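Each value in this text was obtained by applying a stated rule to the coordinates, not by laboratory testing. Source: prediction; values computed, not measured. Methodologically, a virtual Cβ is constructed for each residue, glycine included, from the backbone with ideal geometry; neighbour enumeration extends over all protein chains shown.
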């Protein structure tokens, strides 16, 4: 069956793409378990168990998103005081100190982007699982956007890592990564893995030809 745009898909032409080296191979009907002739990796029409793996990773990321924002991401200790900062409290501190531009960047990159990424991936998985024909081109662009913005999701972790490395005056001040940093890093990694596990070609599959993933 052709795609909605009227163009044949590689699967319609009997072609398989190697997920390891990218070589496009012609599927042989007589071969039960085809392999790539170049790197000998197994060939699949779609990523095996794509939807189930993506759902598992995404649900885990959504669960960890709550402690990532509630637990302290950075613990600062000096001779005079000790303070624990969550992501939101760090944003409020930057805002009150007049660094509203940095506060906005941290808020968007560390709170808004992960939440929107989880919602967008859930939309892609639900629509692909139902073989929906709704706005296929827009969903394909949404997947590419998710892949692009994923690299900016570790901003808070980079800031904490820099502070821990720079503040070496242990007798005067000490900065440590809090448990929220581990949860937040886990959210970022899990959403990246969920995005990598999702096969965007499922967007174009029809119900009668869609693979069970």
Checklist outcome for this item: Taking 0.36 nm per residue of separation between residue 206 and residue 88 and subtracting their Cα-Cα distance, the length gained on full extension comes to 38.1 nm
Item to check | Most to least packed among 67-74, 45-52 [average Cβ atoms within 10 Å] | outcome: 67-74, 45-52
Checklist entry - Once the piece of chain linking residue 136 and residue 63 is laid out straight, how much longer is it, given 0.36 nm per residue of separation minus the C-alpha distance between them? => result 23.4 nm
